[in-house]
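Working notes for the structure below.
The values are calculated or read from the model by the stated rules, or taken from the named source; none is laboratory data. Computed from a predicted model, the values in this text were never measured in an experiment. No Cβ is skipped: glycine too gets one built from the backbone with ideal geometry, and neighbour counts run over all protein chains shown. Each accessible area value is taken on the protein alone, full model and side chains, heavy atoms only, with ligands, DNA and RNA left out. Shrake-Rupley method; radii C 1.70, N 1.55, O 1.52, S 1.80 Å.
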Amino acid sequence: MNITIIDYGAGNIQSIKFAFERIGITAVLSDEAETILRADRVIFPGVGEASSAMQKLKSTKLDSIIPTLKQPVLGICLGMQLMCKSSEEGNTKGLGIFDVDVVKFSNQVKVPQIGWNQITDLKSRLFQDIAENEYMYLVHSFYAPLCNETAALSNYGLDYSSALQKDNFYGVQFHPEKSSKAGQRILENFLKLDVKS
Amino acid sequence: MLTKRIIPCLDIKNGRTVKGVNFVALRDAGNPVELAKLYAENGADELVFLDISATEERRKTLADLVLRVAKNVNIPFTVGGGISSIEDVDTLLKCGADKVSVNSSVVKNPQLINSLSAKFGSQCIVVAIDAKQVNGKWKVHLVGGKVPTDIDLFEWAKEVELRGAGEILFTSMDNDGTKDGFANEALAKLSTELNIPIIASGGAGNTQHFTDAFLKGKADAALAASVFHFKEIEINDLKEELKKNGIPVRL
């Protein structure tokens, strides 16, 4: 199986590559449309700031490629946020795959949220054999509110979407590659999804 | 619910763990990767690697270590010790570190915090602050607490938050090594006055001390070294105890 991690210069992608190596899969890093279009699975990572990440995507024209992908795509952290309609961070227009606007946590809570929080109301095959209230590692200041595409929720001052799904597009706010055995299980589930033609 | 984090700290010299480590289960207790894997399996929420080597090759040795840890460990980790430039941070993050911790270099050049958080994001910039009380006032100290400054702990902490730190690792030099508990009053003041997570460090001796750091000190995470390395406290037992005391933990 060909796993391609979109490499657009945004943050730490080694960890994701290593997480796949730990389950015996060599993932490829690429910023080339052809390679990404050909992949069986696409990982859309991202750490850092939304508007500069979006600029990097645009500079390689990947912003128009990603929404057209037909194979399962997994956005992680900022990757998930960029798949939304917009982000309050740097007033960024997103890829518009998920019909929700990303906003900042209020200062009623410490920002960023850093640490292990629970995911509940699990509604995707991504979470097969994952227990309700399982812990995942999160680091973020912005969040996607609850919406029709919410596939898991977490609570930090309020309930928000810690996972989203629409058709072949999956997004997780948490870092499965850093979330111990349960996180690894989610990556394995992503590899096992049927490809819809 | 977001849980309180328990963080073992590994001191590293020339790519090896220092301080005696009492783990019979390990083939090589000086190997940071083996120790890190064991901690991850036993319930640690994060790890901190603090490099204290002073050799010419230290940067390369540390980068190699970070790469090996990232390959083998499935929980987040922070790397600190002598980090003083954007290039240092870039290398360590590219090797797979989740966060870096900066200390003396940002006291000398506070603008570095702004540059680092702008380039890499606040979420991966931990500012470590070592402080102790001088005539009843908390003063920032440098070089592992050896060199005093006239900088007030709380003013400095607020400044680093404004400059873009994502987290503060506060070590009380008055408590460090005493096994008498964390500096809960100062911790509570930091945690109340700031709006970023505070990691408590210095003084862990028993499980009650961790309970106090979370309930009295209002810390978001607690870091310790020797109580874990010498197996005086098992992380899972500690978390069971914290849970009994109503503190949310990942179990």
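Here are a few things to note about the model shown:
- The range A:12-70 shape via C-alpha gyration tensor axes, a/c threshold 1.5: oblate
- Springs between Cα atoms under 10 Å define the GNM used for chain B, and in it the highest mean-square fluctuation of B:G80, B:G145, B:G136 occurs at B:G136.
- A:S59/B:M1 FRET efficiency (R0 35 Å; Cβ-Cβ; nearest 0.05): 0.30
- Annotation: for a label point projected 7 angstrom from Cα along Cα→Cβ of B:L162, residues of the range B:93-107 with backbone N closer than 16 Å are B:107.
- Entry comment: accessible area of the protein assembly as shown is 40 Å² per residue, from protein heavy atoms only and a probe of 1.4 Å.
- Overall form of the range B:159-205 per C-alpha gyration tensor (a/c, 1.5; a/b vs b/c): prolate
- Modelled FRET efficiency - R0 35 Å, A:N155 with B:I86, Cβ distances, 0.05 increments: 0.45
- Loop-located trypsin sites (Lys or Arg not before Pro) in the range B:65-155 whose Cβ has at most 13 other Cβ within 10 Å (DSSP): B:K146
- Our summary gives the range A:3-192 a relative contact order of 19 percent, counting only alpha carbon pairs under 8 angstrom and 6 or more residues apart.
- Under 9 Å, Cβ to Cβ, from A:K166 - net charge with Lys/Arg +1 and Asp/Glu -1: -3
- Overall form of chain B per C-alpha gyration tensor (a/c, 1.5; a/b vs b/c): rounded
- Fully extending the segment from A:N133 to A:E32 would add 32.6 nm, taking 0.36 nm per residue of separation and subtracting the current Cα-Cα distance.
- Fraction of beta bridges assigned by DSSP in the range B:5-244 that are antiparallel (%, nearest 5): 25 percent
- Peptide B:41-54 has a mean of 1 when you count, residue by residue, the C-beta atoms of other protein chains within 10 Å of its C-beta.
- Element breakdown for the protein assembly as shown at a 1.4 angstrom probe: carbon and sulfur atoms account for 47% of the accessible area.
- Less than 5 angstrom separates the built amide H of B:I12 from those of B:V18, B:L50, B:D51, B:I52, all sequence-distant by 5 or more or on a different chain.
- Summing both sides, the accessible surface hidden between B and A at a 1.4 Å probe radius is close to 2600 Å².
- Cross-link pairs A:K181/B:K244; B:K13/B:K132; B:K99/B:K132; B:K37/B:K108 - those with Cα-Cα distance over 32 Å: B:K37/B:K108
- Between B:T149, B:T55, B:T78, the residue with the greatest mean-square fluctuation in the GNM of chain B (Cα pairs under 10 Å linked by springs) is B:T55.
- Note on B:W156: accessible area is roughly 10 Å² with a 1.4 Å probe, heavy atoms of protein only.
- Cβ neighbours within 10 Å from other chains - mean over B:97-109: 1
- Beta bridges assigned by DSSP with both partners in the range A:3-192 are antiparallel in approximately 60 percent of cases.
- When you count the other C-beta atoms within 10 angstrom of each residue and take the mean per peptide, A:61-73, B:213-225 line up highest first as B:213-225, A:61-73.
- A viscosity of 0.692 mPa s and a temperature of 37 °C, combined with the Kirkwood radius over C-alpha pairs in the Stokes-Einstein formula, give the range A:3-192 a diffusion coefficient of 203 µm²/s.
- Alpha-carbon centroid distance for the pair the range B:173-190 / the range B:61-118, whole angstrom: 25 Å
- Computed FRET value (nearest 0.05) for B:D64 with B:V147, which takes r as the C-beta separation and R₀ as 22 Å: 0.15
- Lys, Arg +1 and Asp, Glu -1 on Cβ, resulting dipole of the range B:5-244 about Cα centre, debye, nearest 20: 240 debye
- Per residue of A:111-122, other chain Cβ atoms within 10 Å of the residue Cβ number 6 on average.
- Taking the range B:5-244 and dividing mean pair separation by its residue count, relative contact order in percent (alpha carbons under 8 Å, at least six apart): 17 percent
- GNM result for chain B, Cα springs below 10 Å: residue of B:I198, B:I75, B:I129 fluctuating most strongly: B:I75
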